[in-house]
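Below is one structure, written out as structure tokens; comments come after it.
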Amino acid sequence: MTSSSIVEPTQNRRVPLATRLFYLFVAIVALGPAAFVIITPFDLQTQAIFAVFTAFIFLIVNRFKSRMATLIIVVLSALVSTRYLWWRTTETLGFVDPFDMMFGYGLFAAEVYAWIVLMIGYFQVLWPLERQPAPLPADVQEWPTVDVYIPTYNESLDVVKPTVLAAMVMDYPADKFKVYILDDGRRPEFKRFAEEAGCGYLIRPSNEHAKAGNINHALTITKGKLIAIFDCDHIPTRAFLQMTVGWFLRDRKLGMLQTPHHFYSPDPFERNLGTFGRVPNEGQLFYGLIQPGNDFWNATFFCGSCAVLSREALDEVGGIAVETVTEDAHTSLRMHRKGWNTAYLRWPLAAGLATERLSIHIGQRMRWARGMIQIFRTDNPLLGRGLSFGQRICYLNAMMYFLFPVPRFVFLTAPVAYLVTSQNIIVASALMVMAYAGPHLFHTLATQSRLDGRYRYSFWGEIYDNVLLFHIMGPTLLALINPKAGSFNVTSKGGVLEQELYDTPIMRPLMILAVVLMAAIGVGFYRLLFTELFPGDAPVLWMNLFWCFYSAFTVVAALAVGRERRQVRAQPRVRVRQPIALYFDGRRSLMGRTEDISLGGGLLRMDDLATDVTVNEEVVINFEQIEDISAVPARVVAVKGREVRLEFMPTNLEEERTIVSAVFGRADAWLNWDDRPPDTVGKSLIDLSGAIRGLVGMAARNVRRSREPVQQPLPAAPRPT
């Protein structure tokens with residue numbers, strides 16, 4: 001790594017005053033033409049020409065991949081969308097009927113919300129910062145001391161143990177860091193494990209303030225200058241501290257550095273829809289694009305794990321915040337108010353377990369939603385001192401996102417009002433609506449695809465939001481009314497699912513919505529085919545039918561997420577290729593490499609045919625790239641050609657540590673975390689259509705099973721007397 005690749009800390013990378021004044025002058029001069037484009041009314045033909053012209057500009061500029069081209073596309077999208085909102089405000093709200101007014105203003109309010117989120121979202125990711133690691137000094141005596149906290153409450157030791165073992169072998173001077181288990185469960189087996197492993201073990205008298213209180217209690221006991229925090233299932237690579245700590249020496253006002261939350265197991269969306277490794281997961285957009293965008297504005301959020309924090313900064317803000325259930329984001333907000341900087345390093349240096357069940361996943365998101373609205377109510381980023389304009393906008397966007405359920409519900413159901421009750425929710429002809437809304441939708445989707453394409457594929461955001469819709473709506477509205485309501489819930493990790501099932505209780509509200517949408521489509525076609533229409537009604541009917549069909553498509557695709565697929569492996573496998581050697585009874589050996597491994601075993605591909613290897617044979621596997629103890633006892637469970645499957649059989653903690661290092665410890669273990677093919681609309685439609693077919697197939701199998709005759713057991717033979 002060369003010094004030229006290092007991003008300077010915040011105070012050293014400010015834009016010169018002359019440059020800022022020039023940008024401000026250009027922006028002021030551009031306001032006049034922009035306002036003219038936005039407010040000038042066009043007739044249908046002129047608006048259609050405008051739509052074609054702006055689409056042509058996008059197609060030309062989109063051929064270039066530079067940052068300047070992206071800025072031009074973002075400005076173009078903002079102009080077109082703002083023009084659409086101006087038209088909606090000035091020309092489409094002339095309602096006469098009170099029911100038209102109720103539905104019409106409801107839709108308009110949802111569109112205003114969507115426009116605000118779109119604009120501040122563009123601002124947030126205008127210039128993502130690609131920060132690189134800062135090298136540490138050559139003299140290790142200058143390296144700061146680090147306390148590594150691993151808080152736990154009710155997770156099993158099998159989940160916590162790999163994280164502890166991996167943290168203890170991070171590449172950092174042994175006298176400069178210490179690992180602590182913060183056990184709010186106060187379990188004797190955890191204490192025994194900590195003593196055997198040689199790490200610290202801390203408990204407290206009560207569980208007040210949950211995870212935040214647990215960390216704050218530890219802060220009163222340990223003395224390290226920096227605090228590294230890992231959720232108990234987030235296993236760090238060996239390079240974690242060396243890659244992160246350098247920034248605290250380069251920027252003395254750095255209060256927190258966050259790294260991505262990467263998951264080596266599929267979340268419910270990926271597992272139930274079969275997209276693991278092919279489609280970016282739900283969190284990829286945040287950690288791949290939004291956090292680098294936040295970093296540009298010095299507004300990186302603390303995410304609770306895989307982060308390093310300054311003890312001095314924590315002391316100044318009173319420790320981890322305890323007033324809300326999203327204590328992590330609230331803590332970074334307090335740091336920013338006190339003038340501390342934060343940073344984001346988009347290098348995945350740890351990996352964890354994703355939530356296994358959809359119900360658990362939704363529960364976690366409900367807590368996030370409630371917590372962010374609690375912060376909005378109790379420590380609103382738009383109010384108070386200490387924040388820059390960019391920081392206020394970034395925090396505001398994070399909080400406003402979780403208000404999406406009501407607008408989302410309005411967008412999904414708005415066409416039902418016209419199809420079923422003939423309520424006119426937009427006072428304009430169908431052609432005018434298409435002439436104005438069409439460019440707005442085209443530029444919004446196309447621009448987001450350019451900005452988000454690596455991290456969020458087309459239509460997938462709607463699937464995620466649809467699944468969460470009814471479950472987040474209540475907690476967010478409750479938090480708006482009473483920010484102190486609700487409690488902290490621990491997200492459980494680790495588990496298996498023996499058989500496929502459908503999570504009907506979770507998906508029931510969405511199932512009802514799907515029925516309503518399909519019924520509305522049926523009514524719309526009935527009106528189109530069998531009733532007499534007024535002039536101009538047919539185009540309006542077709543427009544609302546298309547709208548309703550699209551809503552139904554996204555809702556039914558979201559219903560497919562409720563199909564909980566079997567998960568029989570307690571230990572998820574990871575694709576790892578590294579050289580190994582197998583040793584048999586001291587007289588022969590085979591060389592090869594791993595194909596995939598887990599904490600429980602692995603698949604090996606040997607250099608030669610494994611003809612002499614037998615099932616149940618005891619062997620020793622040696623991981624060639626691991627220093628110190630690198631051999632682990634194992635048992636052969638399957639042999640086919642050059643492929644050998646093993647079950648690891650460690651006999652002590654050192655051998656368990658070797659397995660953890662082999663699976664998770666490599667510095668480059670997760671560097672391909674965002675390696676995905678580019679976004680295409682067709683591919684997304686194919687994936688979602690496949691999910692719907694899978695859901696239909698499951699329903700058909702269940703119907704067939706329900707019709708099969710129940711086999712009555714034969715009567716038992718009479719017992720001899």
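Only one residue in Arg278, Arg250 is out of contact with any strand residue (DSSP E or B) (no Cβ under 8 Å at 6 or more places or on another chain), within 30 Å of Thr680 (Cα to Cα), of a type in the set (D, E, K, R) and surrounded by fewer than 18 Cβ atoms within 10 Å (Cβ to Cβ). Which one?
Numbers: Arg250 fails: within 30 Å of Thr680 (Cα to Cα).
Only one candidate passes the filter, namely Arg278.
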**Prompt:** For the stretch 288-304, which residues satisfy the criterion of being surrounded by fewer than 24 Cβ atoms within 10 Å (Cβ to Cβ) and small (Gly, Ala, Ser)?
**Reply:** Gly288, Gly304
**Asked** Scanning for something within 23 Å of the chain's Cα centre (by Cα), assigned to a helix (DSSP H, G or I) and at negative phi, does the stretch 416-425 turn up at least one residue?
**Response** no
**Asked** If Gln448 passes every condition in (1) in contact (Cβ under 8 Å) with a residue 60 or more places away in the chain; (2) closer than 30 Å to Asn672 by Cα; (3) touching a Gly at 6+ places or on another chain (Cβ under 9 Å) but one, which one does it miss?
**Response** (1)
**Fill in**
Residue hits (the stretch 343-357; touching an Asp or Glu at 6+ places or on another chain (Cβ under 8 Å) and of a type outside the set (Gly, Ala, Ser)) are Tyr344, Arg346, Leu353, Thr355, Arg357
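Tell me, which residue of the stretch 290-343 that is polar (S, T, N, Q) and modelled with pLDDT under 95 is farthest from Pro128 (Cα to Cα)? Let's see the steps before the verdict.
The initial filter retains those residues of the stretch 290-343 that are polar (S, T, N, Q), namely 291, 294, 298, 300, 305, 310, 324, 326, 331-332, 341-342.
So of that shortlist, the ones also modelled with pLDDT under 95 come out as 324, 326.
Values: Thr324: 29, Thr326: 24 Å.
Once the filter is applied, the top-ranked residue is Thr324.
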**Residue satisfying condition, being among the hydrophobic types (A, V, I, L, M, F, W, C) and more than 25 Å from the chain's Cα centre (by Cα), within set Val574, Val555, Val561, Val540** = Val540
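From the list Leu129, Leu165, Leu93, Leu136, pick out the single residue that is in a loop (DSSP other than H, G, I, E, B) and within 20 Å of Ala239 (Cβ to Cβ).
Numbers: Leu129 fails: within 20 Å of Ala239 (Cβ to Cβ); Leu165 fails: in a loop (DSSP other than H, G, I, E, B); Leu93 fails: within 20 Å of Ala239 (Cβ to Cβ).
Only one candidate passes the filter, namely Leu136.
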**Request:** Look at the stretch 442-481 and say how many of its residues are aliphatic (A, V, I, L, M) and surrounded by fewer than 18 Cβ atoms within 10 Å (Cβ to Cβ).
**Result:** 5
**Complete:** For Val637, the lone unmet condition from (1) in a strand (DSSP E or B); (2) of a type in the set (Val, Ile, Thr); (3) surrounded by 15 or more Cβ atoms within 10 Å (Cβ to Cβ) is (3)
**Message:** Which numbered condition in (1) surrounded by fewer than 17 Cβ atoms within 10 Å (Cβ to Cβ); (2) without any contact (Cβ under 8 Å) to a residue 40 or more places away in the chain; (3) within 35 Å of the chain's Cα centre (by Cα) is the only one that Thr614 fails?
**Reply:** (3)
**Asked** Which number in (1) touching a residue at least 24 places away in the same chain (Cβ under 8 Å); (2) surrounded by fewer than 20 Cβ atoms within 10 Å (Cβ to Cβ) marks the one condition that Arg63 misses?
**Response** (1)
**Request:** Filter the stretch 68-124 down to residues that are among the polar types (S, T, N, Q) and more than 25 Å from Leu412 (Cβ to Cβ) and give me whichever is surrounded by the most Cβ atoms within 10 Å (Cβ to Cβ).
**Result:** Gln124
**Asked** For residues in the stretch 168-189 being of a type outside the set (Asp, Glu) and part of a helix (DSSP H, G or I), which is surrounded by the most Cβ atoms within 10 Å (Cβ to Cβ)?
**Response** Met168
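The values are calculated or read from the model by the stated rules, or taken from the named source; none is laboratory data. These figures come from a predicted structure and were not determined experimentally. Don't worry about glycine lacking a Cβ; one is built from the backbone with ideal geometry, like all the others, and counts go over all protein chains shown.
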